1. Looking only at the chain, where both bridge partners belong to it, what percent of the DSSP beta bridges are antiparallel (to the nearest 5)?
2. When DSSP assigns beta bridges and you keep just the ones with both residues in region 34-292, what percent turn out antiparallel, to the nearest 5?
3. Could you state the number of Å between the C-alpha centres of region 54-91 and region 104-132?
4. When ranked by the protection proxy of mean other Cβ atoms within 10 Å per residue, highest first, what sequence do the peptides 423-430, 338-345, 66-73 form?
5. What fraction of the Cα pairs in region 296-423, stated in percent, has a spacing above 26 angstrom?
6. With Cβ to Cβ distances under 13 Å as the rule, what net charge do the other residues near Ile357 carry (K, R +1; D, E -1)?
7. Please list 367-379, 237-249 highest first by mean number of surrounding beta-carbon atoms within 10 Å per residue.
8. Less than 13 Å Cβ to Cβ from Gly240, Lys/Arg counted +1 and Asp/Glu -1: what total charge do the surrounding residues give?
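No value in this document is a laboratory result; all are computed from the given coordinates. Just so you know, these numbers come straight off a predicted model, no measurement behind them. In this analysis, Cβ positions are derived from the backbone assuming ideal geometry, glycine residues included, and neighbour counts consider all displayed protein chains.
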Amino acid sequence: MHHFQYSGPTLHCESVELAAVAKLYGTPTYVYSAATMADNYTRLARGLAGLDVQLCFAMKANSNIAVLRHFANLGAGFDLVSGGEIRRVLAAGANVRSSVFAGVGKSEAEIRLALENGIFAFHVESEPELARINHVAGTLGVKAPIAIRINPDVDAHTHAKITTGKSGNKFGIPLKHAAAAYEAAAKYPHIAIKGVQMHIGSQLTSVAPFVEAVEKVAPFAAELKAKYGITYFSIGGGMGIVYKDALASGEQAWWDAQPIEQRPLTPETYGAALVPLLQPLGLKILLEHGRFMVGNAGVLLSRVEHLKRGAGKNFLIVDAAMNDLVRPAMYDSYHEIVPLHRDSSRRALVADIVGPICESGDCFAKDRQIQEVGEGELVAFMSAGAYGYSMANRYNTRPMAAEVLVKGSTFELINARETFEQMIAGEKIPAFLK
């Protein structure tokens, strides 16, 4: 569910007409719905009622500091994967003390930064990392709180590039070696064992892999509680969102029309399956969802440059490009693309929807049907709130897009469009070339 819908012929975010945002701030521009984020957070928390739950927003999905502040105000901690993300949380005025630090390659400087700011726990990916954390904690004269990430060897049935819980992935320690890893951790003088962690992948559309992973790791978590007194079990994140029919999925009628066995995974279904498995442990449960929290809470606005009619193929060229939204080029991902002004009297157009970058890979959709739109008209890429701006880049010397946050009938620029001067500010011509 989300708060993007047509009001008459025009597409709105909450009570704001999106064309007004584009008129004021130009395109390409990301627009986020504060109400959708709040609803997603609340539904996920309620879905696991009966458990002691801490939601840690996986901020790699969207790291704008206004988004982080919004989630912090709702009560979220954060799932962090770099020193830069720690600094973003601090810049947002949020609390690192309810956040966790994950990732396979934490540097000594990043570990130190996390410890100095009172990180809730490190999610440890390997025994060499454990030794490094112990060393850094020793130099600071503190004990580092840790949980070891378990790789349960569960197939998440998702895209190969975003699965993380199989034995062939780089993440975590195999379950059969986990007991030895905890025994090693217990011997380090500057390590405090606090919990156990797992995460099997992203964009999961069935609850079954979550259930399988929890059933595998929960008995081990109970053993750790008895032996080391752990206080929490992190079950990661990964719940998927609707990409196809994304606009319609904001309406209750769409959900009601789906056959029960084909309905998208919801927080309610997720919680109903997992709470009975987790409740007997008597542990705090951490969740680290990212995409679910923000994916359908954002769109990317773009302007049509022109329609190029080729031999047997039409190309609708827009001003957004793969540098603004890389997911279709990187993952062959689907994003619904809709006009900001809907006109039922117009004919349907079938075209490849492409950007202006000098690569054939700069293609958002092939042979996509869309209402006929002309030069200067506006379209929205749906479900763009996760891994949109956060994965954007400056390829072809294109500036980073603007970002806008909507709340009710008000909207505000939360990240101005990058200027050319800002793009090259860190570059210089060396003296030997002058």
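1. So the antiparallel bridges in the chain amount to around 50 percent.
2. 5 percent
3. Each part reduced to its Cα centre gives a spacing of 17 Å.
4. Averaged packing, sorted descending, gives the order 66-73, 338-345, 423-430.
5. Taking all Cα-Cα pairs of region 296-423, the fraction more than 26 Å apart is 21 percent.
6. Counting the neighbours of Ile357, the net charge comes to -3.
7. Packing order, densest peptide first, comes out as 237-249, 367-379.
8. On the way: positive: Lys244, Arg263, Arg291; negative: none.
Once positives and negatives cancel, what remains is +3.
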